[in-house]
Amino acid sequence: MNKKLVIRLLGALLLIEAACMVPSLLIALIYRDPEDAPAIVWSILLMLAFGLPMHLLPRGNTAQNLHAKDGFAVVGLGWIMMSVFGGLPFYFSHLLPTFVDAVFESVSGFTTTGASVLTDFERPLHGVIFWRSFTHWIGGMGVLVLTLALLPKLTGRTAHLVRAESPGPTLSKLLPKMGDSAKVLYLIYAALTVVMIAALMICGLSPYDAAVHAMGTAGTGGFSNYGSSVGAFNSLAVEVVITVFMLLFAVNFGLYYRMLLGDWKSVVRNEEIKWFLCIVAAAMLILAVLILPVYHSFGAALRYASFNVATVISTTGYAIADYNLWPAAAKMIIVLLMFIGGCVSSTGGGMKVMRIIILLKAARREVRHTFQPRNVQKIRMDGRGLEEDAVYQIVTFSVVYMLLVLFGAFLVSLDGHFDLETNLTAALTCVSNVGPGLGAVGPAGSFSGYSPYAKVILSLLMLSGRLEMFPMLVLLHPKLWQKF
């Protein structure tokens, strides 16, 4: 392992995180909350104290080459490190009672999960609450993607970083240079966020509320500055805007770039977006029918069904209703959508629609192979045949994903506080980076009732889900640390 380069990159991440806290500090100074600004200042100073020596580490004769295992180490350690330091404002401001709670909230923010242990929304901590939502915005597109956008020449082989952080079926390398691709992605990301802020302000939200909820939507995270989430506004217009943008941010960002280039053919031919829209439309209609007895009006049922389908499949986690009160069949649809998630190369979590499509096609091929054993059939996506290695990787990922959910639920259940429904959906929603689950961790509940042990397990599940398992699992492999 190129340990000096890894340490330098980790130091750069801390410095970037410190810079990202500056807008929150400005918000704190504007609102003049007594515990707000000092908590952020001390957090920034600590990050500078650790980050500067790490980043200024002498290179010596070390080559400026980042290999695959170095990329995995930077991503895995970097996300853990940023989450730990990112929790400092919550702890220093006394917003959360323990450091474990602060780290849990930070992990949930950066991984865009939105699972929260915060129950007191009345304290005047505008800067810290702004940072809480800003972690969604940073983590949504990817911490390392942001690093490459700001410091594209930090290391020669940047593809390893992006592949380790976003190891999905496709890699959105839009331009020849990875740094340029990162800039394009963040420009599209920022532009959509600004448009959403403007739309929410037109709907009557204050600039602060609009920014907080736009960042939560952009990162498909779901942190709100109100205990009742988006339901606090009781506004159909606000719900429509957030519903539309939750779905927009769950779409492959590479398609937006192709739209800007005028390449509409590839967008229209894209199989994943067709499936995604069909799943969304079908789920909204079916869910509206299932919850009709609860709301007694198809219009009201469709309103709540549409918002909740969008918030779950995009893995955002905002709430306007407690779906714990819905029929069992409706809750089952919610759970299925948690598994599916958004599109690849989006800010959404879950297994991703493309993987679901390929798994279904692989299953269909195996059924056909039973009747036509000599017929060689290739799985195709968007008219192109997939290599068998790619199909194998997706099947492997899916198996590991399911095992992680089940094993995580078992470990959490050792806590002994909650029932099977709560523990299973808590593990699922953390691995899928959704936020609310069912039972005690539903939209009207929180994760505050879990013990510190369970919160650590759930934090690791969130990180594993956001990084799609393997960067976190690689950290456990002895060979990664050989010659460190």
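The values are calculated or read from the model by the stated rules, or taken from the named source; none is laboratory data. Owing to the predicted nature of the structure, the values given are computational and were not obtained by experimental measurement. With ideal geometry, Cβ positions are generated from the backbone for all residues, glycine too; neighbour counts draw on all protein chains shown.
So the values come out like this:
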quantity	calculated
Qualifying residue in segment 315-335 (condition: out of contact with any Lys or Arg (no Cβ under 7 Å at 6 or more places or on another chain) and within 26 Å of VAL268 (Cβ to Cβ))	yes
Single residue of segment 446-479 satisfying the filter (assigned to a helix (DSSP H, G or I) and of a type in the set (Gly, Ala, Ser)) that is surrounded by the most Cβ atoms within 10 Å (Cβ to Cβ)	GLY465
Odd one out for ALA49 among (1) modelled with pLDDT of 95 or more; (2) touching a Phe, Trp or Tyr at 6+ places or on another chain (Cβ under 9 Å); (3) not hydroxyl-bearing (Ser, Thr, Tyr)	(2)
Among (1) closer than 23 Å to CYS343 by Cβ; (2) at pLDDT below 85 - the single one LEU360 does not satisfy	(2)
Test for VAL441: is it surrounded by 23 or more Cβ atoms within 10 Å (Cβ to Cβ) and in contact (Cβ under 8 Å) with a residue 24 or more places away in the chain	yes
Test: residue in segment 220-235 that is surrounded by fewer than 19 Cβ atoms within 10 Å (Cβ to Cβ) and under 20 Å from GLU272 (Cβ atoms)	no
Criterion violated by VAL238 - all others in (1) surrounded by 20 or more Cβ atoms within 10 Å (Cβ to Cβ); (2) in contact with a helix residue (DSSP H, G or I) (Cβ under 6 Å, 6 or more places away or on another chain) satisfied	(2)
Whichever residue in segment 375-409 is in contact (Cβ under 8 Å) with a residue 40 or more places away in the chain and small (Gly, Ala, Ser) and, among such residues, is farthest from PHE470 (Cα to Cα)	GLY383
Residue check, ARG355 basic (Lys, Arg), at pLDDT below 90 and on the phi < 0 side of the Ramachandran plot	no
Residue in segment 106-127 that is modelled with pLDDT under 65, of a type in the set (Lys, Arg) and farther than 25 Å from PHE397 by Cβ present	no
The one condition in (1) of a type outside the set (Ser, Thr, Tyr); (2) at pLDDT 95 or above; (3) over 14 Å from ILE457 (Cβ atoms) that ALA426 fails to fulfil	(3)
Scan of segment 65-105 for residues that are β-branched (Val, Ile, Thr) and modelled with pLDDT of 90 or more, ordered by number	ILE80, VAL84, THR98, VAL100, VAL103
Segments classed as helices (runs of 4 or more DSSP H), wholly inside segment 26-136, with at least 2 members that are in contact with a Gly (Cβ under 7 Å, 6 or more places away or on another chain)	36-55, 99-110
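Residue-wise test of (1) of a type in the set (Asp, Glu); (2) farther than 25 Å from MET338 by Cβ; (3) out of contact with any Cys (no Cβ under 8 Å at 6 or more places or on another chain).
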| site | (1), (2), (3) |
| --- | --- |
| VAL241 | no, no, no |
| ARG269 | no, yes, yes |
| PHE276 | no, no, no |
| ALA282 | no, no, yes |
| LEU287 | no, no, yes |
